[in-house]
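First comes the structure, then the notes that go with it.
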Amino acid sequence: MEKIINFPTKKILDSHEYYNNYIKIKDQLLKKINKKKLKYIIKEILVAIKKQKNIFSCGNGGSASTAEHLSCDFSKQACTDTNLNIKVFSLNSNVSLMTAIANDISYDDIFSFQLDRFGKSSDILLLFSVSGSSKNILKCAKVARRKKIKIISFTGFNGGKIKRLSKYNINFPSNNFGIVEDCHLSLMHYISQYIRIINFKNNKKISNARF
């Protein structure tokens, strides 16, 4: 069991002290990441891209914006100056559909309902959940397992229930939502930029490319 880093544990009035502690913990968590597991995750995503499989993402609250951000960066940034055509969709994007599902069925079904209709075997589902135990995320994961969709999750705390349902999970053991979400966003940026740079067109100067 990973030891959960608690922060803050006391009232810190000095802004510089709070900042230094904040980035120190974030840096510590990112350096402890299982790089071998991260390599497997990138390989899974690259295989899905090559086979033109769908890549879905979702999350709640701040994690919803990370899921949306991923869809943006994978669709535009990662494909720029490459021959990639990434089929990536955020299950958080269609507000009309989400609110219709929440209103007519249940908020717990806002992601699973969509994945059940649009997801296919060997697609990828990227889940962002600090607690790892949100009901709508768990329900979406269960649909993914039934449809043989590969689950990759990014969590916080102790990983929650979603950790056990995932093919690959990267957990940041901290009780601070902001720090965990920062780590998730950093990984998302790293993965999308790495996928782009290894698929860069040979005649394109990297120094002139915006990252």
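The values are calculated or read from the model by the stated rules, or taken from the named source; none is laboratory data. The shown structure was predicted, so the numbers you read here are calculated from the model rather than taken from an experiment. Here the Cβ is made from the backbone with ideal geometry for all residues, glycine too, and neighbour counts use every protein chain on show. The accessibility values were calculated without ligands, DNA or RNA, using every heavy atom of the protein model including side chains. Shrake-Rupley method; radii C 1.70, N 1.55, O 1.52, S 1.80 Å.
Computed quantities for the displayed model
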{"quantity": "Accessible area of segment 7-70 belonging to carbon and sulfur atoms, whole % at 1.4 Å probe", "calculated": "55"}
{"quantity": "Thr9 accessible area, 1.4 Å probe, all protein chains in place, Å² to nearest 10", "calculated": "110"}
{"quantity": "Sites Arg146 and Asn21, calculated FRET efficiency, Cβ-Cβ separation with R0 41 Å, nearest 0.05", "calculated": "0.40"}
{"quantity": "Rounded FRET efficiency, nearest 0.05, which uses the C-beta distance separating Lys35 from Lys167 and R0 of 22 Å", "calculated": "0.80"}
{"quantity": "Rounded, prolate or oblate (a/c below 1.5 giving rounded, otherwise prolate when a/b exceeds b/c) for segment 1-117 by Cα gyration tensor", "calculated": "oblate"}
{"quantity": "Extension reserve of the Ile197-Thr9 stretch, reckoned as 0.36 nm per residue once the Cα distance is removed", "calculated": "63.6 nm"}
{"quantity": "Amide H within-cut-off set for Asn176, under 5 Å, with H built and near neighbours excluded", "calculated": "Phe7"}
{"quantity": "Residues with amide H under 5 Å from that of Ser153, placed H, sequence gap 5 or more", "calculated": "Leu127, Tyr168, Asn169, Ile170"}
{"quantity": "Listed candidates [x] 53, 34, 27; [y] 52, 41, 27; [z] 51, 49, 32 - label of the one calculated as Cα extents along the principal axes in Å", "calculated": "[z]"}
{"quantity": "Helix-only mean residue ellipticity at 222 nm for the chain, each DSSP H run of n ≥ 4 adding -39500 (n - 2.57), per residue, nearest 500", "calculated": "-14500 deg cm²/dmol"}
{"quantity": "Fraction of beta bridges assigned by DSSP in the chain that are antiparallel (%, nearest 5)", "calculated": "5"}
{"quantity": "³J(HN,Hα) computed for each position of segment 128-134 - Karplus, 6.51 cos²θ - 1.76 cosθ + 1.60, integer Hz, glycine/proline x", "calculated": "10, 8, 5, 6, x, 9, 4"}
{"quantity": "Farthest positive-ward along segment 1-51 dipole, Cα basis, beta-carbon charges - from Ile49, Ile23, Leu38", "calculated": "Ile49"}
{"quantity": "Three-way shape label, segment 122-184, alpha-carbon gyration tensor, a/c 1.5", "calculated": "prolate"}
{"quantity": "Prolate/oblate/rounded call for segment 107-158, Cα gyration tensor, a/c under 1.5 rounded", "calculated": "oblate"}
{"quantity": "Distance in nm between pseudo-label sites at Ser93 and Asn175 (7 Å out along the Cβ direction from Cα)", "calculated": "3.8"}
{"quantity": "Rounded percent of accessible protein surface that carbon and sulfur make up, segment 102-211, 1.4 Å probe", "calculated": "47"}
{"quantity": "Accessible area in square angstrom per residue, the chain, 1.4 angstrom probe", "calculated": "55"}
{"quantity": "Segment 87-163: trypsin sites (Lys or Arg not before Pro) in DSSP loop, at most 11 other beta carbons within 10 Å", "calculated": "Lys120, Lys148"}
